[in-house]
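The structure follows.
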């Protein structure tokens, strides 16, 4: 995603795709991705509510593109081999 996202939004999007992940799973993953330099975060206030918003970095974009390529190669091999 090119626009910033927040943890609950990610959890809701995953749920729409059939994945049930708790905040206790998602937030540590986001923190780990930020530590590795794939994401940056900032606090954003909406009314009285403050939440952490995540943006993908250039390093994150590169890693994502590489992962997509590897997945496509894997699925290609599975289809050809099956």
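Laboratory data are not the source of any read-out in this text; all were calculated from the coordinates shown. Every value quoted in this text rests on a predicted model; they were computed, and no experiment measured them. Every residue, glycine as well, gets a Cβ built from its backbone with ideal geometry; the counts of neighbours run over all protein chains shown.
If one takes the longest principal axis of the Cα atoms in the chain, at what angle in degrees, from 0 to 90 and to the nearest 10, does the Cα axis of helix 23-35 lie?
Helix 23-35 sits at roughly 80 degrees to that axis.
For helix 58-81, report the angle its Cα long axis makes with the longest principal axis of the Cα atoms of the chain; keep it between 0 and 90° and round to the nearest 10°.
It works out to around 30 degrees.
Taking a virtual spin label 7 Å from the Cα of residue 69 along the C-beta vector, which residues in the stretch 10-38 bring their backbone nitrogen under 19 Å of it?
Under 19 Å, as judged by backbone N against the label point of residue 69, lie 38 of the stretch 10-38.
Follow-up. Given Cα positions, please report Rg to Rh for the chain, the hydrodynamic radius being the Kirkwood one.
1.07
Taking only Cα atoms, what is the 0 to 90° angle, nearest 10, from helix 7-16's long axis to the longest principal axis of the chain?
40
Quick check on the chain: helices-only [θ] at 222 nm, where DSSP H runs of length 4 and up contribute -39,500 (n - 2.57) each and the sum goes over total residues. Nearest 500, please.
-19000 deg cm²/dmol, from helical runs alone.
Compute the FRET efficiency between residue 80 and residue 42 as 1/(1 + (r/R0)^6), taking r as their Cβ-Cβ distance and R0 = 41 Å, and round to the nearest 0.05.
0.40
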